[in-house]
Structures are given as structure tokens and as C-alpha cells.
Amino acid sequence: MHRIFPFSPRLRFFGAAALLLALSAAAPAAAPQNVAAPGDAAAIAAESSDPAAALSPEQPEAAIAAEPRIRGLAAYEENDLKTAAGYLATALEINPKDAEVAGRLGFSYKELGAYEKALAVLQSAVELDGGQYFYWWWLSDTQRLLGLYDAAYKSMEHAINFAPQEMRKDLNDYLDYTARLADKTQSWENALLHGEFAERHRNNRRVRRFIAEYTVALSLAPPAQDGDREGLNGYTRAYQEMGTQYNYIEQPEVAIDYFQEARDFAAREGNLENVMRNCQSLAISHRMLHDREPEKGAAHMARATAEWREALRIARELDHSDYTRYAQGRLLESLALGGPMDSPELTALRALNDKQVPWKGPVNDFFTAEAVTGELYCRIIEGDFAGARILGGMTLPYYNESTFLSDYQRAVELQLLQALAHFRMGSVSDSLDAVKKAEEKATEARQFVETEAFNRGSGGRVLRHIAVARARAHIQKSQPTDALLALDGQRNVRLLNLLGGLLTDDSARTDTASEQEAIRQRIPWLEKRMAAFEAAGNAEEKARIEGRILQDRERLEWLGRSLDLAAPKDLKFRGIEPVEMPGVRAALPEGAVLLGCAFDPWGGVLVAAGKTATSGHLLEMNEGGAAAAVQAVLAAGSDSAAADAALDRLSTVLLAPCAELLSGASLLIVCGDETLSPLPFAALRLNGKPLVETHAVTRIESAAQLAAFMERPAQAPARLRAFLVRPDSGDLLAQKPEGVQGIVRLAGTEANMERLKADTGAGDMLHLSAMLDTSPPSPTLCPLVLGGAGNAAYLPPARVLAMNLPAAVAGLDWAPVKEGGLLRADLLSALLETFRNAGTAAVVAPLWPVGRETAELFYGTFYGALPQAGRAAALRAAQNAVRAAAPDSPDWSAFVLLGDPR
């Protein structure tokens with residue numbers, strides 16, 4: 001069904017004929033008799049955080065030093081390679097000259113999918129003891145897995161030279177296999193060989209390496225002419241597999257290219273079933289984009305609906321009853337989510353689908369489960385929550401028992417719909433039970449997705465929906481503190497997920513080299529596709545692929561920078577400890593109110609907490625409505641009438657419910673979800689006036705993060721250190737702002753990272769006037785560009801995380817490397833958390849680029865007021881100064897302060 005299995009999809013490369021060919025040509029699998037067999041390890045190598053911590057301190061020092069070796073080799077003999085890798089890595093640190101440990105550790109890494117680690121360790125093993133043939137064998141296999149065929153061939157020759165006579169035949173088979181992999185002659189035999197070799201990467205969840213191997217296979221496949229059904233079918237399956245893998249790593253925009261090509265080959269072959277399946281895959285990809293980009297949701301849903309419509313048409317033409325049920329359910333779901341419930345198409349389709357929906361469960365097959373889910377969405381949207389609850393109860397047993405990753409995700413989705421149905425029916429405790437089940441399933445599914453893909457996809461959004469559903473139930477039960485803590489827990493998890501790729505070694509699954517290889521070969525292919533669409537007069541697809549080529553070139557350029565970052569084990573990351581409500585109240589400054597707010601597709605929740613009181617409120621506005629309202633504010637610009645209307649609407653939703661609590665406060669600390677990140681909260685209206693007239697407004701990622709900031713002693717800001725790298729910095733801060741004790745201005749190459757690290761002292765006010773590159777997908781890799789040459793100039797959050805910057809505030813006076821753009825929500829979060837970890841008390845920055853005069857007035861006023869007034873009051877003073885100077889411009893509200901408000 002083209003669904004995604006947790007251990008990766010099992011879609012063969014070119015069918016049964018290819019499998020027979022591969023079996024006859026496959027490399028021997030037997031390990032030497034005197035060493036452990038490879039085992040069936042599908043997980044990525046993850047060294048235990050501190051294997052040595054399990055050792056007994058009462059033992060003599062020599063025994064303690066030997067114990068990791070003993071335990072590691074024992075685990076290795078038991079074929080527990082993950083445990084073995086952890087202990088053997090510790091043992092090798094203790095004694096880097098231990099060849100046996102290096103060899104077994106390298107083998108363990110290789111079989112666990114950590115090829116790069118295996119390569120380094122096995123190279124050391126052959127240097128330490130080059131006479132052991134199996135070290136050379138394992139090194140050769142590792143090199144082969146990394147596509148280093150020439151090196152693999154030479155290593156295998158060494159293995160043969162040192163091997164006993166009885167092993168040489170097997171090793172010569174490996175040598176021949178390696179030579180065939182290295183052969184770049186275009187033929188189906190060579191293409192099939194690489195397609196089957198890719199299965200080893202699939203088993204190790206090395207998706208990027210799998211894709212690179214398939215890319216090689218496609219480059220070796222000879223052209224398929226019309227009438228060559230076997231060749232056309234081969235291309236169809238290959239491109240379909242590539243698309244599936246890109247969806248697996250949450251890159252549906254890339255997957256669409258491959259599914260379109262697969263559908264084209266299937267059409268040339270005349271294989272309607274494969275055309276239908278690729279319509280399905282395209283629909284799923286567009287739905288993924290819909291979920292990831294709510295602001296463009298309508299367009300993506302329309303494309304998904306069109307593809308489901310075509311898939312259903314073909315299923316009916318083929319009289320494919322199972323697929324008809326499946327496509328009907330998915331089309332019904334898309335129509336219900338994307339259009340009016342009374343549309344003639346939806347009404348007619350629903351009547352047909354109703355014949356496929358049993359009213360007694362449980363459902364025990366995928367096709368019927370999807371038909372039932374389509375009707376379930378209709379019931380939810382029209383308010384028949386009792387019917388929706390029954391339908392959900394029928395389908396969930398199937399999805400809960402399935403081992404496909406897409407079904408894990410479907411189970412989470414349906415549990416959240418169950419939670420909503422229970423809530424609307426007044427069964428709040430049952431709603432909380434359903435939320436708990438959704439959370440458990442989401443946690444289970446999370447382990448199968450690498451950090452960058454999780455952040456890139458909708459995983460974080462799903463966790464937010466879980467938190468909103470839980471908070472909604474607590475508010476209904478008059479438990480606003482529990483609602484606040486539910487939102488706070490999700491916000492803390494989000495921060496860890498954003499930084500996750502820096503805190504744990506996930507390099508094996510991100511695999512820069514393999515990604516570069518795939519992109520380099522994809523760009524010429526995309527250029528050919530773009531030319532074909534242009535020739536066919538398809539301007540829409542031409543423009544889309546033109547954008548895709550630009551994205552690929554930017555990504556390739558970024559990957560080529562190869563930034564050197566601190567290894568996870570070398571970071572001194574100080575995580576955020578969860579707090580209970582007494583800790584939240586203690587962290588709040590006098591006169592402050594903390595405002596927590598989040599949305600899901602069905603509504604929103606708002607919690608306001610002061611020193612002595614907390615209130616919770618249910619909101620009718622959902623995440624789509626919130627996103628549209630925020631965009632209306634931003635789009636209004638200087639159009640005061642349009643801006644007032646949009647701001648009034650959001651003020652009614654976000655401030656009116658807690659107006660009483662706010663009336664006695666002077667400081668509002670906003671902890672909103674990503675939907676609200678671009679919103680200039682200080683411009684919202686309270687009692688008909690902009691909030692900035694009565695309150696200072698700051699931001700924080702979570703109440704727990706606020707507590708972490710407030711645990712530190714308050715700093716007295718003194719010296720201003722300005723790094724002026726932007727081309728338009730000019731005389732910015734040329735005069736020392738009144739109230740600042742001293743100022744150091746660094747410009748050009750002097751304003752470099754080494755000066756930043758070496759000279760930043762406690763209480764410094766850092767001003768970083770620099771260009772900001774927001775093109776990297778990962779927020780932790782989006783750099784401020786300081787002075788200096790090459791990579792040394794780049795300061796992304798990933799590098800900030802490893803620094804010691806005990807500043808009172810960091811002012812990020814940024815301009816985009818490319819024109820336009822907002823400060824992304826994930827980047828803003830990553831900047832604050834990494835600067836917090838570096839010791840900086842707060843970050844101040846504009847949400848969008850502002851003019852030089854505006855920046856100079858704001859920062860001059862802010863730094864001048866900061867030593868005496870404190871951060872929040874200095875922010876408000878600077879905002880009001882800009883507002884007074886340019887009352888018709890919204891740019892005063894662009895500036896936000898995140899972190900310690902004192």
C-alpha cells in the first residue's frame with residue numbers, strides 16, 4: 001500500500017526477476033567461524049551515555065579499567081552489538097592500542113549502521129594488527145557500504161593475503177562482488193546489483209545512504225523505450241521507491257518529483273495500477289505539505305484531493321474493490337477537511353462510502369479502516385461526536401496493532417479525534433485517557449525518525465496537538481494550573497527536539513556525504529523535467545521545479561560548507577528542569593502575568609498565571625484561523641485600518657479573556673506556540689489601547705525556561721560591545737548611549753568569532769549587527785555572518801551552544817542574506833535556548849527586517865535605558881521611542897525580548 005514500515009518500507013527494486021538475480025550474485029554472508037556473527041541489528045548505533053558509570057567504584061583501578069573490555073566482548077559474543085558498542089568504545093578510550101577491541105567495535109558499528117565510525121575504528125584496527133584477515137574483511141565491507149569501492153577492493157585483497165586457505169574462496173567471491181559494484185557500465189544487471197545492495201542500508205535505517213545507492217542504480221539503468229514493459233516497470237518501481245524514502249525522512253516536496261516520474265513511466269508502460277498507486281503517493285505527499293505548512297494549506301489540500309480523485313477513478317476502472325474502498329475513504333476525508341460538507345461531490349461520495357462502513361467492529365483490514373476513517377472525519381466536522389467515537393473505536397484496534405509507521409501516525413491522529421469526541425460529549429476523563437494513548441503511540445513512533453526529519457515534518461505539531469487536547473480537558477475540569485503545565489511540558493520537549501541533533505550523535509542518519517551525492521545527480525534530472533514542462537506549456541509545474549532546483553542548489557552549497565561543530569560528548573548542555581506551579585509563581589517577577597497559548601485544528605487554549613491566581617480559557621479560534629489572523633496583521637503593514645481590524649480580532653481572542661488579571665499587572669510574559677511567533681504582541685489592544693502603552697511585553701519559550709533564567713543572579717549591565725558586520729552598519733552606535741559605562745566597537749574582520757568568545761565578560765551588552773542566513777532547514781544551522789573568512793565567520797545556534805557568553809543581553813540586529821523574510825519560529829527558539837546555555841540572560845531582536853534609522857533609535861534607547869531600568873522596561877522605552885518617531889510604521893512592534901525580563 002506504499003505505506004511506511006518502522007524499519008523502512010519493503011518495496012523491492014525491480015520485482016521477482018531482480019530478486020532471483022540478486023540472490024545468485026549476492027555477496028557471501030557468513031562471518032569467520034571464530035568471531036561473532038553480524039546479528040540482526042536494525043537500529044542506529046547509539047553509544048550508551050556513560051557505560052563506565054555502571055562499573056563498581058570499590059574495585060581496584062586496574063579492574064575498573066578492564067571491566068568495559070570484559071563486558072563489551074561478552075556482549076559482542078552474545079550478539080548484543082548495541083551494548084557491545086557502548087562498552088567497547090569506553091574500553092578503546094582507556095586503551096587506544098587494543099586491536100581486538102578496535103576490531104570488534106568497528107564490526108559492531110558497521111552492523112549497527114554507523115559506517116563512518118566503523119571506518120575510522122577499523123582503519124585503526126588494521127594499523128594495530130594488520131595480520132588479522134577479518135579486520136581487513138570488515139574494513140572492506142564498511143568501505144563498500146560507503147561506496148568506496150576501490151578502497152574496498154584493496155582491503156579485500158589484503159584480507160585474502162592474510163586469510164587461511166579455507167576462507168579464500170569466500171573472500172574471492174567478495175572481491176568479485178566489489179568489482180561488480182565498482183563497474184559503471186550502464187546495464188540492467190549493474191543497476192539491479194546496486195538496487196539490491198541498497199537493502200542493507202534499509203535494514204540499518206540508513207535512508208540517505210539507501211537513496212544514494214538507488215541514485216547510482218538509476219544512473220546505471222539503460223534507457224527504456226516505449227514497448228519495453230520490463231524496463232519501464234523497473235523505472236516506475238525505482239522512482240516510486242525513491243519517493244517513498246523521501247517521504248520517510250519528511251521531504252515530501254522532493255518525493256513529489258519522484259512520484260510524478262514514476263507515474264509517467266507507469267503510464268508509458270500502460271500499467272494503470274501503478275499509475276493509481278503513484279496518484280495515491282502524490283496525494284499523501286501533498287497532504288504532508290498541508291500539515292507542515294498550514295498557511296498554504298488550502299492549495300496543498302486541493303492538490304491532494306485531485307490526486308485522490310484520480311486514484312479513485314482508476315481503481316473503479318480496474319474494478320479494484322479494496323483500492324476503491326481505500327481511495328473513497330481518503331478522498332472523503334480530503335473533501336471534508338478542504339471544502340463544504342454539503343458539496344454535491346462529497347454527498348454522493350459519502351453515500352457510496354457508507355456501503356463500505358460496517359457498524360460493528362473491530363475493523364481488521366487496512367482498506368476498510370480507511371473507508372471508516374473518511375466517514376469519521378465527516379462526523380467530527382458536522383458535530384456527530386457520538387458517531388465519531390463509535391467509528392474511532394472500530395478502527396483503532398487495527399491501527400494500534402499495525403507495524404507500519406504511517407499507521408502509528410494514523411493511530412495518534414485517531415486517538416486525538418477520540419479525545420475531541422469524548423470532550424464534546426462531556427466525558428472529560430475519557431478524553432484525557434485518549435490523549436494519554438495518543439502520547440504513548442507518538443512516543444513509540446518517534447524513535448523511528450531522526451531528529452532533523454522530525455523537526456522538518458509535522459511531528460512537533462502533533463505533540464503540540466496532544467498538549468492542547470490535554471490542556472483543553474484540564475480547563476474544562478477547572479484545573480488551569482494542570483493545563484499550563486501540560487503546555488509547558490510540550491514546549492520543553494520541543495526545545496530538546498530542536499537541539500536534538502546537536503545533543504546526540506545522529507550523523508549516521510543525516511549523512512551529509514550521501515545527501516550531497518543524491519542532490520548532485522538530481523539537479524540535472526530536474527533541469528530536464530523543467531524543460532519538458534516548459535515545452536508542454538505547463539507553467540505551474542515549470543515554476544515549481546524551478547523552485548526545487550533553487551532549493552537543491554542552496555542546500556548543496558550549504559552542505560559544502562562543512563561547519564565544524566562541537567561533538568555531543570564535548571558539550572556542557574544544561575537542560576531545563578520541569579517545574580511545578582509553585583516554581584512558576586516563584587519565577588514570575590512582581591507585577592508579571594505569564595500568558596500561555598496554543599492551538600490545534602479544533603480550537604485553542606489560553607492560560608494566564610500571576611503570582612496568586614491562574615485562569616484557563618477555551619478558544620474557538622483554531623490553528624488555521626490563528627495563522628490567518630497573524631498573517632493579516634503582517635500583511636496590513638502601514639495600512640492602519642487593516643492592521644487595526646486584524647489586531648482587534650486577535651486582541652479579543654488573546655487578551656480579553658484575561659483582562660482582569662492583566663489590569664493589575666505591568667509586565668506580560670508571552671509563551672505562545674509557533675503559530676503566534678510572528679505576532680507583535682505589544683501592538684495588541686487592551687481596553688482600546690496598544691498594550692505597549694500600559695505594559696512591557698516580553699517572551700519566553702516555557703515557564704520552566706523562565707525559571708531557569710530567574711535562578712541566575714540578576715546582572716548589572718555595564719559595557720556595550722558592538723560587532724558591526726552588516727554592510728549598512730555605518731556609524732551605528734558611534735556615540736555611546738547615555739547610561740552605558742563604556743563601548744567597544746568592532747567592525748569588519750575584527751568583529752570575528754574569536755573576539756566574541758575571548759572578550760565577552762559578565763554583564764556585557766552584546767550587539768551583533770550581522771547578516772542572517774535562514775536557508776538551512778535546521779534552525780540550529782542558520783548562521784549570523786560575522787567578520788572573518790570562510791566557515792570561521794558563521795555563527796549558527798549550534799556554535800553558540802558550545803560557547804561561554806555570560807552577557808546581560810545579546811542584541812541581534814540582523815538582516816537577511818536573501819531579501820525579505822521573518823525570523824522563523826524555530827530559529828527564534830533555537831537562538832534563545834542556545835544563548836541561554838551559553839550564559840546570556842536575554843536576546844532582543846526584530847521579528848522582521850527594519851530600516852537602519854529605526855534600528856539605531858531602538859538599540860540606542862534600549863542600551864541606554866537598560867542599566868537603570870532593566871530589560872523589560874528598556875524594551876518598552878525603546879519601542880515607544882520608535883513609535884513616537886514613526887507613528888505610521890509598525891516597525892516599533894517588530895522588536896521582541898526573550899529571556900530574563902529583569
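Does any residue of the range 331-347 turn out to be among the hydroxyl-bearing types (Ser, Thr, Tyr) and open to solvent by 20 Å² or more (accessible area, probe 1.4 Å)? Break it down stepwise before answering.
Let us first name the residues in the range 331-347 that are among the hydroxyl-bearing types (Ser, Thr, Tyr), namely 334, 343, 347.
Filter once more, so that each one left must be open to solvent by 20 Å² or more (accessible area, probe 1.4 Å): 343, 347.
Yes: the range 331-347 contains one or more residues that are among the hydroxyl-bearing types (Ser, Thr, Tyr) and open to solvent by 20 Å² or more (accessible area, probe 1.4 Å).
The number of residues in the range 629-656 being open to solvent by 60 Å² or more (accessible area, probe 1.4 Å), of a type outside the set (Asp, Glu) and either more than 24 Å from VAL593 (Cα to Cα) or outside the structural domain of ALA683 (by the TED database) (or both) comes to 6.
Matching residues to (1) farther than 28 Å from ALA869 by Cα; (2) in contact (Cβ under 8 Å) with a residue 24 or more places away in the chain; (3) of a type in the set (A, V, I, L, M):
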position	(1), (2), (3)
VAL740	no, yes, yes
ILE743	no, yes, yes
ALA751	yes, yes, yes
THR760	no, yes, no
MET771	yes, yes, yes
SER775	yes, yes, no
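The sole residue among ALA877, ALA792, ALA873 that is over 20 Å from GLN735 (Cα atoms), open to solvent by 30 Å² or more (accessible area, probe 1.4 Å), in a helix (DSSP H, G or I) and without any contact (Cβ under 8 Å) to a residue 60 or more places away in the chain is ALA792.
PHE423 meets all of the listed conditions (1) within 25 Å of PHE454 (Cα to Cα); (2) in a helix (DSSP H, G or I) but one, namely (1). Selection over the range 614-628 of residues that are touching a His at 6+ places or on another chain (Cβ under 9 Å) and either part of a strand (DSSP E or B) or open to solvent by 20 Å² or more (accessible area, probe 1.4 Å) (or both) gives a count of 1. Please tell me if VAL692 is closer than 30 Å to GLY457 by Cα, of a type in the set (A, V, I, L, M, F, W, C) and out of contact with any strand residue (DSSP E or B) (no Cβ under 9 Å at 6 or more places or on another chain). Criteria not met by VAL692. Among the residues of the range 583-630, the one identified as among the β-branched types (Val, Ile, Thr) and within 19 Å of ARG424 (Cβ to Cβ) is VAL605.
Among the residues that make up the range 578-591, is at least one of them under 25 Å from GLY821 (Cα atoms) and either open to solvent by 10 Å² or more (accessible area, probe 1.4 Å) or at pLDDT 95 or above (or both)?
no
Considering the range 379-420, and only residues there that are among the β-branched types (Val, Ile, Thr) and open to solvent by 30 Å² or more (accessible area, probe 1.4 Å), the residue that is nearest to ARG472 (Cα to Cα) turns out to be ILE381.
Of all residues in the range 543-577, those being of a type in the set (Lys, Arg) and open to solvent by 50 Å² or more (accessible area, probe 1.4 Å) number 5.
Regarding the range 708-724, can at least one residue be identified that is of a type outside the set (Phe, Trp, Tyr), in a loop (DSSP other than H, G, I, E, B) and within 30 Å of ALA656 (Cβ to Cβ)? No, there is no match, as no residue in the range 708-724 is of a type outside the set (Phe, Trp, Tyr), in a loop (DSSP other than H, G, I, E, B) and within 30 Å of ALA656 (Cβ to Cβ).
The values are calculated or read from the model by the stated rules, or taken from the named source; none is laboratory data. On a predicted model such as this, the values are computed, not experimentally measured, just so you know. Every residue, glycine among them, receives a Cβ derived from its backbone with ideal geometry; neighbour counts consider all protein chains shown. Remember, those area values only see protein heavy atoms, side chains included, never the ligands or the DNA or RNA. Shrake-Rupley method; radii C 1.70, N 1.55, O 1.52, S 1.80 Å.
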